[in-house]
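The values are calculated or read from the model by the stated rules, or taken from the named source; none is laboratory data. Just so it is clear, the model here is predicted, and its values are computed rather than measured. FYI the Cβ positions are ideal-geometry reconstructions off the backbone, even for glycines, and counts take in every protein chain you see.
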Amino acid sequence: MIEFKGTFFDGRSSKAHAVSIYSDGQRIRIAGNADGLPLVFQIQECRLTPPLGKTRRSILLPDGGRCDTHDLQAFGKLDSIKGANRTFRLVDFIESRWRLVVGCLAGLIACVWIFTAHGIPFAAKKIAFSLPPDVMESVSQKTLQALDDGFFETSVLVPEKANQVQQIFDQLLAEEDVEFHYRLELRSSPRAGPNAFALPAGIVVMTDELVSLAKEDRELIGILVHEKAHVENRHGLRMLFQNTGVFLLISLLAGDVASITSIAATLPTILVESGYSRQFEREADLAAGTYLIRKGWGTRPLQDMLQRLAEKKPGYPALAAMSTHPETGQRIRYLQDLEASQTR
């Protein structure tokens, strides 16, 4: 038997009556000194208002009357008997326990962090590796056009030097079966300085300033293998998608090709102003370092090129794609450790 005190309103006037409320699990009985009492109703005929903090709760009677009470514990037992307000009771249970609230908040923050750190990159990778070649070609052409409009000028390398770089690139591609339709584009860029960019479809752009910075072919080979790794690992696309935001990422997962085309315009800015993430640069350095070691040259050519790029950086504030991101010293130490581990 459930018994508690309350206030009764008959639904016809605003007069309040002190009453006692009883329930045997099937019926609710309201007893007091007011006219018309006692009243008995089936519990399933009555509506129980949901819990809201420490505020009073009400039994809404089928005849239009109402009983209010501050005995929340007894009222909770009525909820359980009737099977009412399950969701609200759970919310009230959580809200009334501050440690649980803090725990839920911490869990929410952890979930957001995990999704941001791992979920978004995973989804971006999935999208990047599922794009058809014609979409990647379209994105690459738009990006190259934007780079030409904003950063690049026509190459001024002498034909002999340009042919030499092209031959190095062709020889590199001839050594293995390649998935992409690679092509090398030479450009002059006083703004971007000594730099190289890999576009999704396999277009590798190298600036005259970078070619002039190299002291031997092996250094250019190291850079080209590095850029080729960016293409094969879809780093440009993955950076693009990771920067699009959650809602656009969901639309891309749903196959919205129009969204992919629309955000392609941001890729030049990402490449020039931001560059690749630490993880992506590490993956490309691994591919280039491994290739150079396999050739018997060690990683010194790429180390020297990175060092010279770092020394040139103050004169080129927009340097990014082959920049010191992450810090040059860390990348050089990584290449040294890679060589040491593979030549033991």
> With (1) of a type outside the set (Ser, Thr, Tyr); (2) part of a helix (DSSP H, G or I); (3) more than 51 Å from the chain's Cα centre (by Cα) as the list, and residue 5 as the residue in question, which single condition is left unmet?
Replying inline: (2)
> Filter segment 50-76 for residues that are β-branched (Val, Ile, Thr) and touching a residue at least 12 places away in the same chain (Cβ under 8 Å); which is surrounded by the most Cβ atoms within 10 Å (Cβ to Cβ)?
Replying inline: 59
> Out of all the residues in segment 305-315, which are over 14 Å from residue 226 (Cα atoms) and either modelled with pLDDT of 90 or more or surrounded by fewer than 19 Cβ atoms within 10 Å (Cβ to Cβ) (or both)?
Replying inline: 307, 308, 310, 311, 312, 313, 314, 315
> Assuming residue 110 fulfils every condition listed in (1) among the aliphatic types (A, V, I, L, M); (2) surrounded by 13 or more Cβ atoms within 10 Å (Cβ to Cβ); (3) more than 30 Å from residue 181 (Cβ to Cβ) apart from one, which condition is it?
Replying inline: (2)
> What do you reckon, is residue 166 farther than 20 Å from residue 241 by Cβ and in the same structural domain as residue 281 (by TED's automatic domain parsing)?
Replying inline: yes
> Taking into account only those residues within segment 43-85 that are in a helix (DSSP H, G or I) and not hydrophobic (A, V, I, L, M, F, W, C), which is nearest to residue 14 (Cα to Cα)?
Replying inline: 45
>> Suppose we filter segment 183-223 for residues that are surrounded by fewer than 20 Cβ atoms within 10 Å (Cβ to Cβ), touching a residue at least 40 places away in the same chain (Cβ under 8 Å) and in a loop (DSSP other than H, G, I, E, B); how many remain?
In response: 3
> Do we have any residue at all in segment 1-22 that's in contact with a His (Cβ under 7 Å, 6 or more places away or on another chain) and at pLDDT below 90?
Replying inline: no
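Have a look at 231, 158, 178 and point out the one that is buried (at least 21 other Cβ atoms within 10 Å of the Cβ) and of a type outside the set (D, E, K, R).
231
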